[in-house]
Amino acid sequence: MTNKPFRTPTRRHFLAGTAALIGAPALAAEDEEQAYDPLRPPPEPEPPVARNISSFRGISWQPYFSNTRNGAILVDTVSRALHFWSDDQSVYKLFPSSVPLTDEMTRRGRTSVIRKVEGPSWAPTPSMKKRNPEWPSYIPPGPDNPLGTHALYLSWKYYRIHGTHDTRKIGRRSSNGCIGLYNEHIAELYSYTKVGTQVLLI
C-alpha cells in the first residue's frame, strides 16, 4: 500500500457510495464483522420505474398488530412503504421508503424504537475502521451524514429508520439493512413516535 495523505471525503463521496441507512446485513448470525460498510459502492442502481399507485394505498393495522399501544410502524419492503398508526389510531401516515438491496440484507420481524435522535451523527464500527483506515472516525450531523436529519434506533443492533440527504434512494432497493425516508418525512414520523413504538418489517 502507498501512504496517501488523508483528505476529508466530500459530501458527494459519501452520498454516492452509501446506502440509505446504516445497518448490518440482515443475517441471523449478526456480528460486527458483517456490519454494513456505508462507503461500499452498492450494486448497479435499479432502472427507473413508473410509480405504482397501488403500492401506496392505505391499509388497516389489525392484520399486523394486536394493538397500537405506543404507536405502530409497519415497513412493507415489497411496496417500499412505511405505515404509521398512533396509539389512539387518530393519526395514520404513509411514506415511501428505501429498502435493503437484497433479501439477504433484509431483516424481517418485530422490533421497537429504543432511541430517538434529532441531528444524528455517525461513526464506523471498529471492524469497519480496521478494514478501511482512511475512513473518518466520525461524521457530525449535517449534509454529509448518511443518517439524514433524524433517526429512530431499533432494538436490532445497527438498524435504523432514518432520513437521507440523497433523495434518489427513496422508493428503491438502495440500503444495506435499514429503512430510509425523505428528511421531511422522517421529521414528521419522529414527531409522532416514542420510545417503545412497535415496529414490524415484512
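A few notes on this one:
- Spacing of the modelled spin labels on ARG57 and ARG131, each 7 Å from Cα toward Cβ, amounts to 4.1 nm.
- Take 105-117, 153-165 and order them by the average number of nearby Cβ atoms within 10 Å per residue, most first; the result is 153-165, 105-117.
- The label-point distance for ARG115 and LYS93, in a model that sets each label 7 Å from Cα toward Cβ, rounds to 2.1 nm.
- Taking amide H as placed 1.01 Å from N in the peptide plane, the amide H of GLY148 sits under 5 Å from that of HIS165, each at least 5 places away or on another chain.
- For the pair SER155 and ASN70 in one chain, pulling the backbone fully straight at 0.36 nm per residue adds 29.1 nm over the alpha carbon distance.
- Counting only Cα atoms, the range 59-163 measures 48, 29, 22 Å along its principal axes, largest extent leading.
Quick note: the coordinates plus some simple rules give every number you see, no bench work behind them. Bear in mind that the values here come from a model prediction, so they are computed numbers and not experimental data. Neighbour counts are summed over all protein chains in view; Cβ atoms, including those assigned to glycine, are modelled from backbone coordinates with ideal geometry.
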